[in-house]
Amino acid sequence: MADNIIFRRGTGNKQKDKEMLEVTEENISMQNRRENALIISFIAPKTELTNIYNYFENFDELEAVTLEIADAGEVEYNFRGTSPISDVEDNQQQFSVTLQLKREFL
C-alpha cells in the first residue's frame, strides 16, 4: 500500500489553511538541492495532474506550505514556484514544484 503525501497551505488565514492536497507517493519523486530546496516532481494522467497543478497555481512566492509524508509529522516549507506542464509517454504529464525549507532564526 502506497503512503500519501499531504500538502497544506499555511497562509495564516484559517479558511485558506484548510486547503490541502493529498497525493499518492506513486505520482511523486523528490530531490533535495542546495540551500534547503526540495524539488517535487509530479507525473500523472492529464486530469489528475491538472488538479494537482491547480492547487499550486495560486500560491504566492514564499507562501508557507506544510508537507507531511506518510504520517511522519509536518515540515514547513516556503513555496518558490512551479515549472510548466509537459507531456511524457503513455498519456501522462509532469511538472515540478520547488519548496525551500523554512528556517526559524533565534
For P(r) over Cα pairs in 10 Å bins from 0, in percent, the choices are [x] 15, 46, 29, 10, 1; [y] 14, 49, 31, 5, 0; [z] 14, 43, 27, 12, 4, 0; which was calculated from the structure?
-> [y]
By the scheme Lys and Arg +1, Asp and Glu -1, what is the net charge of all other residues having a beta-carbon under 13 Å from that of S96?
-> +2
About the Cα centre, charge dipole magnitude for the chain (Lys/Arg +1, Asp/Glu -1 at Cβ), debye = 420 debye
HN-Hα J in Hz across segment 58-69 - Karplus 6.51, -1.76, 1.60, θ = phi - 60°, x for Gly and Pro | 9, 6, 8, 4, 6, 5, 6, 9, 9, 10, 10, 10
Please give the net charge around A70, taking every other residue with its beta carbon less than 9 angstrom from that of A70, where Lys and Arg add +1 and Asp and Glu add -1.
-> -4
Among segment 76-96, those whose backbone N falls under 19 Å of a label point 7 Å along Cα→Cβ from Y55 are 76-86, 92-96
Which far-off residues, 5 or more places away or on another chain, put their amide H under 5 Å from the one on E63, with H placed in the peptide plane?
-> F79
Value at 222 nm in deg cm²/dmol, rounded to 500, when DSSP H runs of n ≥ 4 in the chain each add -39,500 (n - 2.57) | -3500 deg cm²/dmol
Just subtract the alpha-carbon distance of T47 and N32 from 0.36 nm times their residue separation and send over the number in nm, one decimal.
-> 2.7 nm
Against the longest alpha carbon principal axis of the chain, how many degrees, from 0 to 90 and to the nearest 10, is the axis of helix 46-57 turned?
-> 20 degrees
Summed residue charge, Cβ within 11 Å of F7's Cβ, Lys/Arg positive, Asp/Glu negative | -2
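Values quoted throughout were computed directly from the atomic coordinates according to the rules given, and no laboratory measurement underlies them. Worth saying up front: this structure is predicted, and the values here are computed from it rather than measured. For neighbour counting, all protein chains shown are included, and Cβ atoms are generated from backbone atoms with ideal geometry for every residue, glycine included.
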